[in-house]
Amino acid sequence: MLIIPIKDGENIDRALKRFKRKFDRTGTMRQLRKRQAFSKPSVERRAQVQKAQYIQHLRDQEEI
């Protein structure tokens, strides 16, 4: 849980900005999005192989 102490006379916008900055640093939203878009390791490996094949094909075309 994030705790943001607000000082006497501090602007609420400034405190909210501090909260947002601290929240971004924790990486909670990145982790949540990564978990929502889960893909099996075999699918990820297959995608990497296909990408490597595509790049190699482009390089071969350059050489010709």
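The values are calculated or read from the model by the stated rules, or taken from the named source; none is laboratory data. Note that the structure is predicted; figures quoted are calculated from it, not measured. Here the Cβ positions follow ideal geometry from the backbone for every residue, glycine too, while neighbour counts run over all protein chains shown. What goes into the accessible areas is simple: the full protein's heavy atoms, side chains included, and nothing from ligands, DNA or RNA. Shrake-Rupley method; radii C 1.70, N 1.55, O 1.52, S 1.80 Å.
Restricting attention to segment 11-64 and to residues that are among the aromatic types (Phe, Trp, Tyr) and either outside any loop (DSSP other than H, G, I, E, B) or in contact with a helix residue (DSSP H, G or I) (Cβ under 6 Å, 6 or more places away or on another chain) (or both), the residue that is nearest to Met1 (Cα to Cα) turns out to be Phe23.
Within segment 6-64, the residues that satisfy the criterion of being over 26 Å from the mean Cα position of the chain (by Cα) and among the basic types (Lys, Arg) are Lys7, Arg59.
Can you pull out the residues in segment 20-37 that are open to solvent by less than 80 Å² (accessible area, probe 1.4 Å) and without any contact (Cβ under 8 Å) to a residue 12 or more places away in the chain? The answer is Gly27, Thr28, Met29, Ala37.
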